[in-house]
Amino acid sequence: MTQTYPTDWDIEKYRDDTDLEEHWQLRKEFMKTHKGNFPEDYLVALATAFTNIEFMGCSYPAAVMARVAELSTDVAKKYREIKKTKLQRTFVSASNAAENKVKKRQSDPGTYTSNKRARQ
């Protein structure tokens, strides 16, 4: 027999003003999916760990990681499908960006006018 837990608590009370909408929606979905299967405080902690893993790459002890992986399968699957269609950001270091800019100017001299040419 599986134990059930109270479900009369409000998930919304765990939303923080600093939560990004995407983070909150995923954490909320996790809690909605498993509400009643765990004590409230434990589920809130698992949901927070889940979003920390998903968005920030955090890691936890093996038992927590295994539990979150097991419980997040369906919730994460939906999120990851949506994420695939979103624009992906690529980060470039400032030094690489400057180097690429210089290389582009050298390969296409018509896009760059030196001060000497401008004075003529």
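Values in this text are rule-based calculations from the coordinates and carry no lab data. Here the structure is a predicted model, which means the values were calculated and not measured. Every residue, glycine as well, gets a Cβ built from its backbone with ideal geometry; the counts of neighbours run over all protein chains shown.
So for the pair residue 104, residue 10, with labels modelled 7 Å out along Cα→Cβ, what separation do we get in nm? About 5.1 nm, to one decimal. A Förster radius of 35 Å, combined with the Cβ-Cβ distance separating residue 64 from residue 92, puts the computed FRET efficiency at roughly 0.55.
Would you mind getting me the FRET efficiency between residue 3 and residue 74? Use the beta-carbon distance for r and R0 = 30 Å, nearest 0.05.
Values: r = 21 Å, r/R0 = 0.71.
Computed FRET efficiency for residue 3 and residue 74 comes out at 0.90.
In sequence order, the range 11-24 has phi-based couplings of 4, 4, 5, 8, 7, 9, 4, 8, 5, 5, 4, 4, 5, 4 Hz under the Karplus curve 6.51 cos²θ - 1.76 cosθ + 1.60, θ = phi - 60°, and Gly or Pro positions carry x.
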